[in-house]
Amino acid sequence: MAAPTSATWRIVLASGNPGKLAELSALLAPLGCQVQAQGEFHLAEAEEPHPTFIENALAKARHASFHTGLPALADDSGLCVEALGGLPGVRSARFAPQVEGPRAEQDAANNRLLLQQMEGQTLRLARFVSIMVALRHAADPEPLIVRGELIGQIGHAAQGQGGFGYDPLFVLADGRTLAQCDAQEKNRISHRGQALQTLLPLLRTHWGWMAASSERPQGWAIPTPTLPTSGEGVISPPPRRGGGRDGDGPAFP
Ligand SMILES: O=c1[nH]c(=O)c2ncn([C@@H]3O[C@H](COP(=O)(O)OP(=O)(O)OP(=O)(O)O)[C@@H](O)[C@H]3O)c2[nH]1
Ligand SMILES: [Mg+2]
């Protein structure tokens, strides 16, 4: 039986954040699979009541997979500021009291509150953290779980127009903010970019999804993997071949 081709692989992105969706779609392009946002299925956003990124990412992925019947990918991410004991953390999207209207206005309110809380702080170290969860189906007992992070400093004023959220306040080692990077550069260095870089080879080995080498972004190595035995990575035994829903290989339930 022929293995399914990449065109038959489908995955739903369990996010309603347009900035994230654009970044994730670009990062997944090398897989050549069909990527659909949960909004295309008119799904309401999942509840995110948990105190950790990993629990919220699992909840979002399960919700999207359950309601679409497709494999799902979720990212739960946020900004963890050292001087604030890791806040806003899982509350990054809702740090300031809720603002009605476009998401950009909530982002602006979050940034104002962050600057206010950082007044007089000399320790300005911060990390963007992304935990990503990929599920083959809603009851998948072997989620692929990866992590990425980006270290920087909280600036004293917003700079730059790119990205979203706290990007204009997040200062990189070279003095630019993340909002002063173009989309490709942000994806190369960001927490989500790092997490996806770890996830892609796992999709190949654990789900049998293969990235065409000619389509991989330059500098991205997709090595012949060995299963991690400890640390962040995967909670997963050796590969189960097939994957995808529409191919002629074995489909997951
Ligand atoms: O400046 C930023 N650059 C980034 O690259 C970034 N990544 C995450 N964040 C912040 O963390 C929240 C995620 O919360 P989050 O994972 O719950 O996502 P979300 O609620 O925005 O959408 P969804 O994916 O849950 O539907 C976001 O809203 C942002 O405030 C970022 N800010
Ligand atoms: Mg959210």
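The values are calculated or read from the model by the stated rules, or taken from the named source; none is laboratory data. On a predicted model such as this, the values are computed, not experimentally measured, just so you know. Backbone-built Cβ (ideal geometry, glycine too); neighbour counts: all protein chains shown. Surface areas here come from the heavy atoms of the whole protein model, side chains and all, with no ligands, DNA or RNA. Shrake-Rupley method; radii C 1.70, N 1.55, O 1.52, S 1.80 Å.
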Taking the condition touching a residue at least 60 places away in the same chain (Cβ under 8 Å), more than 24 Å from residue 181 (Cα to Cα) and open to solvent by 70 Å² or more (accessible area, probe 1.4 Å), does residue 53 pass?
no
Checking 43, 70, 13 in turn, the sole residue that is surrounded by 21 or more Cβ atoms within 10 Å (Cβ to Cβ), more than 22 Å from residue 147 (Cα to Cα) and of a type in the set (A, V, I, L, M) turns out to be 70
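This table checks each residue for (1) assigned to a helix (DSSP H, G or I); (2) at pLDDT below 95; (3) within 16 Å of ligand 2 (Cβ to nearest atom).
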{"site": "160", "(1), (2), (3)": "no, no, no"}
{"site": "168", "(1), (2), (3)": "yes, no, no"}
{"site": "174", "(1), (2), (3)": "no, no, no"}
{"site": "179", "(1), (2), (3)": "yes, no, no"}
{"site": "193", "(1), (2), (3)": "yes, no, no"}
{"site": "198", "(1), (2), (3)": "yes, no, no"}
{"site": "209", "(1), (2), (3)": "no, yes, no"}
Pair list, Cβ < 6 Å and 6+ apart or interchain, from segment 168-183 residues that are on the phi < 0 side of the Ramachandran plot to residues that are acidic (Asp, Glu) and surrounded by fewer than 20 Cβ atoms within 10 Å (Cβ to Cβ):
none
Total residues in segment 63-116, condition among the acidic types (Asp, Glu) and within 12 Å of ligand 1 (Cβ to nearest atom)
3
Listed by first then second residue, the pairs whose first member lies in segment 27-46 and is farther than 21 Å from residue 207 by Cβ, whose partner is assigned to a loop (DSSP other than H, G, I, E, B) and within 16 Å of ligand 1 (Cβ to nearest atom), with beta carbons under 8 Å and at least 6 positions apart or on separate chains, are 39/16; 45/16; 46/14
Assess whether residue 61 counts as being within 17 Å of the chain's Cα centre (by Cα) and either modelled with pLDDT of 95 or more or open to solvent by 40 Å² or more (accessible area, probe 1.4 Å) (or both).
yes
Unique match (being farther than 22 Å from residue 86 by Cα and touching a strand residue (DSSP E or B) at 6+ places or on another chain (Cβ under 9 Å)) among 152, 193, 162:
162
Yes or no: segment 50-57 includes at least one residue that is touching a Leu at 6+ places or on another chain (Cβ under 9 Å) and within 18 Å of residue 139 (Cα to Cα).
no
For segment 84-106, give me each residue that is loosely packed, with under 15 Cβ neighbours inside 10 Å and on the phi < 0 side of the Ramachandran plot.
91, 94, 97, 98, 100, 102, 104, 105
Subset of segment 146-163 (residues that are touching a residue at least 40 places away in the same chain (Cβ under 8 Å) and out of contact with any Pro (no Cβ under 8 Å at 6 or more places or on another chain)):
146, 147, 148, 149, 150, 154, 156, 157, 163
Of the numbered conditions (1) away from ligand 2 (no atom under 16 Å from the Cβ); (2) within 18 Å of residue 19 (Cβ to Cβ); (3) aliphatic (A, V, I, L, M), residue 132 fails exactly one; give the number of that condition.
(1)
